[in-house]
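Since the structure comes first, as structure tokens, the remarks are kept for the end.
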Amino acid sequence: MSRIILHNYFRSSTSYRVRIALALKGLDYDYVAHHLRHGENRKPEFLAINPQGLVPALVWEDGTVLAQSLAIMEFLEEIAPEPALLPADALGRARVRMICQMIGCDIHPINNLRVLNALRSRYGADDAEIGDWFRHWVNETFQPLEKILEDSSDTGRFCHGDTPGMADICLVAQVANNARYNVDMTPYPVISRIRDVCMEMAAFADAAPAQQPDAE
């Protein structure tokens with residue numbers, strides 16, 4: 001049986017998500033780095049793996065390639081259901097997916113590297129303007145997310161209950177990105193508490209950007 005291969009980049013928050021999920025599931029994999037700032041993800045050899053040219057890309061044991069971190073995590077949940085990353089009940093699963101999509105659909109797509117690079121190259125944005133853009137779109141979602149987590153009895157030690165799951169994975173990866181753009185986390189005590197609890201676990205800490213072989 002072939003090894004699982006994860007094509008990723010240490011600083012990519014979506015790659016961070018998949019690294020955490022693989023660690024929580026206890027799945028070993030080969031780490032293949034592609035430096036996004038050097039354009040390695042646009043080389044023909046990687047485009048042959050993922051024509052979209054994005055990381056992460058997971059090559060499963062049979063050679064099938066999966067892209068998009070949320071889809072990869074859902075796949076891992078199905079083929080390795082323990083420990084579970086989604087609740088057993090339908091409403092719980094929907095709530096966790098809602099939190100994941102708030103981060104994965106409302107923050108990440110407009111704050112990822114290719115969008116920030118386009119703001120520079122097409123519209124002449126400087127570093128200060130890029131930082132303002134990033135923080136604005138984080139706060140647009142973190143403000144309601146903080147209230148959702150604060151007000152719900154479903155919130156426990158983690159985003160949903162007392163075991164880590166898919167929502168926590170997305171939250172931790174986003175907070176890691178926030179630090180690079182000086183997002184003030186003071187208004188988000190619940191998010192910060194959950195992040196801190198997660199980082200006490202090896203699966204989250206060992207998957208962190210600074211711990212990866214291509215970290216700079």
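Bear in mind that the values in this text are calculations on the coordinates, not laboratory data. The model shown is predicted, which means the values in this text are computed figures rather than measured ones. Note: ideal-geometry Cβ built from the backbone for every residue, glycine included; neighbour counts use all protein chains shown.
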Interchain or long-range residues, amide H under 5 Å from ALA125's placed H
ARG120
Pick from GLN68, GLN101, GLN52: which is most flexible by mean-square fluctuation in a GNM of the chain where alpha carbon atoms under 10 Å apart are linked?
GLN52
For THR155, list long-range residues whose amide hydrogen, built 1.01 Å from N in the peptide plane, is under 5 Å from its own amide hydrogen.
GLY161
Would you be so kind as to identify which of TYR31, ALA125, ILE79 lies farthest towards the positive end of the dipole of segment 24-125, taking Lys and Arg as +1 and Asp and Glu as -1 on Cβ and the Cα centre as origin?
ALA125
So who's got an amide H within less than 5 Å of the one on GLN212, skipping anything under 5 residues away but keeping other chains? H placed 1.01 Å off N, in plane.
none
The chain: antiparallel bridges as % of DSSP beta bridges, rounded to 5, reads 55 percent
Of ARG97, ARG180, ARG157, the one that fluctuates the most in a GNM where the chain has Cα springs shorter than 10 Å:
ARG180
Ranked packing of 197-204, 132-139, most packed first, by mean Cβ within 10 Å
132-139, 197-204
Out of all DSSP beta bridges in segment 5-83, what portion is antiparallel? Express it as a percent rounded to 5.
60 percent
Helix by helix through the chain, keep the DSSP H runs that span 27 Å or more along the axis on Cα and average at least 1.6 on Kyte-Doolittle, and give those back in order.
none
Please check: in the Gaussian network model of the chain (C-alpha springs, under 10 Å), which one of ASP28, ASP127, ASP168 has the largest mean-square fluctuation.
ASP127
